[in-house]
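Here is the structure we will look at.
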Amino acid sequence: MKSLLVIAAAEGEEHNPLLPEWIEVVLALVVFAILFFLIKKFVAPNFEKTFAERSAAIEGGIAAAATKQAEADAKLAELEQQLADARHEAARIREEAREQGAAIVAEMREQAQAESTRILEHGKAQIEAERQQAVTSLRAEVGTLATGLAGRIVGESLEDDARQARVIERFLADLETADASDAGKDA
């Protein structure tokens, strides 16, 4: 091929643009080798170093993120546990409040029942006292009326207290016997 080039150059033919000059090829190979050596010696190690640093930084960031995520998960679990405990405590407090409320209501009912019973007993005692007072008052009046009536019927005065008391007692006993016999007939 060299011989063709030399012959063609000698003949004065014009250079074919598709075929490179041999000097250009050699020069290109030398420049390529120099550039390859410089890139391999200076540029590639810096790229490798930067790549390693970035990889380490990324891996460190991923590890730090994983650590932070684990811490966040642990904190979240702790907070959820505290929330569950707080809910449980609130439920317990509500239940205690309900129980205390029920106890208070029961105690108030007991007190109201006791007060009601006391008022009823007091009322019954007061009614009984008033009844006794009325019976005593009626006995005295009936006795006075009976004595006056008996004195008119008999025609003598029953002003003597002992005699008056005997007559009154006999009269009331007869009344009670008559009431008892009337009650027996009604039954």
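The values are calculated or read from the model by the stated rules, or taken from the named source; none is laboratory data. Bear in mind that the values here come from a model prediction, so they are computed numbers and not experimental data. Neighbour counts run over all protein chains shown; Cβ positions are idealised from the backbone, glycine included.
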> Does the range 130-139 include one or more residues that are part of a helix (DSSP H, G or I), among the β-branched types (Val, Ile, Thr) and modelled with pLDDT under 90?
Replying inline: yes
Going through the range 104-145 in order, the residues found to be in contact (Cβ under 8 Å) with a residue 12 or more places away in the chain and not β-branched (Val, Ile, Thr) are Arg139, Gly143
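Has the range 113-121 got any residue that is out of contact with any Lys or Arg (no Cβ under 9 Å at 6 or more places or on another chain), surrounded by fewer than 10 Cβ atoms within 10 Å (Cβ to Cβ) and either at pLDDT 90 or above or not β-branched (Val, Ile, Thr) (or both)?
So in the range 113-121, the residues out of contact with any Lys or Arg (no Cβ under 9 Å at 6 or more places or on another chain) come out as 113-121.
Within this subset, residues satisfying the condition of being surrounded by fewer than 10 Cβ atoms within 10 Å (Cβ to Cβ) are none.
The answer is no; no qualifying residue exists.
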